[in-house]
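The values are calculated or read from the model by the stated rules, or taken from the named source; none is laboratory data. What you are looking at is a predicted structure, and each value in this text was computed from that prediction instead of being measured. Please note: Cβ atoms are built from the backbone with ideal geometry, for glycine as well, and neighbour counts cover all protein chains shown. All accessible areas refer to the heavy atoms of the entire protein, side chains included, with ligands and DNA or RNA removed. Shrake-Rupley method; radii C 1.70, N 1.55, O 1.52, S 1.80 Å.
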Amino acid sequence: MDEKIFLPVLHWFDASNEFTGSCGEFRFKVTPNVVMASGKEVDFANSTLIGEFWHGPFCYELSQVEGKKEFPMSETGKEELRLWLEENI
């Protein structure tokens, strides 16, 4: 496969931002599940990234999700998520 899925840095997700992307007809969405520790610190050990994908020309709301999987919110988890998405293109 020549295409490599882009995912933003972890800080994007630990700020509770979602991310959507595409590769041809392949569409995906990453939603963070952020757990806060004391104060303003993110509890990375308990936070996760939820990846979802579908194929077709339509947005998330108008499509049927074909796959959904949860990953740890870490550099390793983000890389596992990227590889999982690329396997399903």
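Would the chain count as rounded, prolate or oblate if I go by the C-alpha gyration tensor, calling it rounded below 1.5 in a/c and otherwise prolate when a/b exceeds b/c, oblate otherwise? It is prolate, given that a/c is not under 1.5 and a/b is the larger ratio.
Electrostatic bookkeeping for Ser47 treats Lys and Arg as +1 and Asp and Glu as -1; over the other residues with beta carbon under 12 Å from its beta carbon, the sum is -3.
In the context of the full set of protein chains, the chain has a per residue accessible area of 62 Å² (1.4 Å probe). Mind pulling the angle between the C-alpha long axis of helix 75-87 and the longest principal axis of the chain? Nearest 10 degrees, somewhere in 0 to 90. Compared with the principal axis, the helix lies near 10 degrees. Close Lys pairs in the chain (alpha-carbon distance under 18 Å; sequence gap of 8 or more, or different chains): 7. Note on Phe6 and Met36: with the Förster distance fixed at 41 Å, the Cβ-Cβ geometry gives a FRET efficiency of about 0.95. Solvent-accessible area of the chain (1.4 angstrom probe, protein heavy atoms only): carbon and sulfur portion equals 52 percent.
Summing charges over all other residues whose Cβ lies under 14 Å from the Cβ of Phe19, with Lys and Arg as +1 and Asp and Glu as -1, gives +1.
Over region 14-89, what is the mean sequence separation of C-alpha contacts under 8 Å (at least six apart), divided by residue count, expressed as relative contact order in percent?
Values: 128 pairs, mean separation 19.0, N = 76.
Once normalised by length, the contact order is 25 percent.
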